[in-house]
Amino acid sequence: MIIIGERINGTRRDIREAIEKKNKDFIKKEIKKQIDFGSDYIDLNAGIGRGKEREKEDIKWLIECLYEVGNISPSIDSSDPEVIDFALSFVKSQDVMINSINGEKEKIEKILPVIKKYPESKIICLTMNEKGIPSDYKKRVEIGEKLIDILTGVGVKKENIFVDCLIEPVSVNYENGIIFLKALKEVKKFNVKTTCGLSNISFGLPERKIVNKYFLALCIYEGLDSAIIDPTVPDIREAIYVSEMLTGKDEFCINYIKRIKEKYF
Ligand code: THG
């Protein structure tokens, strides 16, 4: 499982305050902690609701913080193609994730020239368009397929495409879990990678960690390749290693046994 550490996100109060006060020590500690707990990418979301120019300045600063910790791969989390373009010009790691593009026509037109500049980047595709997130899982699969066609058409390799079928809270509609799982299962047939923002599933519920870890296990059964999570939560790591072992992704159970011996959970 490719882990994208979610903690550097301007919607979190402590992160927003650190961004506003330019508190590098705090951000760097948050980055380091997520790396120590096995993150492959660090998601950087500088959206603090103060407009595009501020977001650009802040994401540049977050990238600076990241490289002061080490040569770590960022996931540039913004819905604005201009912010993504600006941010990518400061990325020096070989490996970078663009989080995200979606099926909105105008956004696709703006992001394609950016993708052509960075053809080796990994790209997260959200299965939504100008009408929002379809409630019908088949429509999500259709949007995913269309985005895959567009990206492979400009030379992006399938192995670098990460489709996110968009988890919505199960507290809002009791079928939101199964809708995501059905879309995930279909998208896997396109031979691309998949990802998700896991914790969306538990919004509005008590004891969210319990819900998150069981849902992650179900997603891993359907072949989820990557997830945007807080890797410092012990339950989440347990869910990943046990589910991977039980679904044939841990040869001779070596990884699981190693984690137990090292008290890694
Ligand atoms: N798909 C993709 N990218 C995404 C999402 C997605 N990026 C943003 C988000 N969803 C995933 N990232 C986070 C980051 C932080 C938190 C949740 C998701 C978080 N939430 C706290 C909580 O839920 O309790 C609330 C904030 C707080 O701590 O104050 O920390 O779906 N591609």
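Once backbone amide H atoms are built at 1.01 Å from N, Thr194 has Val163, Asp225, Ser226 as its partners under 5 Å, excluding neighbours fewer than 5 places away on the same chain.
Annotation: amide H-H contacts under 5 Å for Leu126 (H modelled 1.01 Å from N, sequence separation of 5 or more, or interchain): Ile101, Asn102, Asp164.
For the stretch 70-76, the Karplus equation 6.51 cos²θ - 1.76 cosθ + 1.60, evaluated at θ = phi - 60°, returns couplings of x, 7, 10, 7, x, 10, 7 Hz by residue, with Gly and Pro reported as x.
Element breakdown for the chain at a 1.4 angstrom probe: carbon and sulfur atoms account for 52% of the accessible area.
Karplus-based coupling profile of the stretch 218-234, in residue order and whole Hz: 5, 5, 5, 4, 7, x, 3, 8, 7, 8, 8, 9, 9, x, 7, 7, x, with θ = phi - 60° in 6.51 cos²θ - 1.76 cosθ + 1.60 and x standing for Gly or Pro. Ile133 sits among other residues whose Cβ lies under 11 Å from its own Cβ, and their net charge, with Lys and Arg +1 and Asp and Glu -1, is 0. Helix-only arithmetic for the chain: the sum of -39500 (n - 2.57) across DSSP H runs with n ≥ 4, divided by the residue total, places the mean residue ellipticity at 222 nm at -15000 deg cm²/dmol. Normalised per residue, the accessible area of the chain is 49 Å², obtained with a 1.4 Å probe and no contribution from ligands, DNA or RNA.
The values are calculated or read from the model by the stated rules, or taken from the named source; none is laboratory data. For clarity, every value in this text was computed on a predicted model and none was experimentally measured. Methodologically, a virtual Cβ is constructed for each residue, glycine included, from the backbone with ideal geometry; neighbour enumeration extends over all protein chains shown. Just the protein is used for accessible areas: all its heavy atoms, side chains included, with ligands, DNA and RNA removed. Shrake-Rupley method; radii C 1.70, N 1.55, O 1.52, S 1.80 Å.
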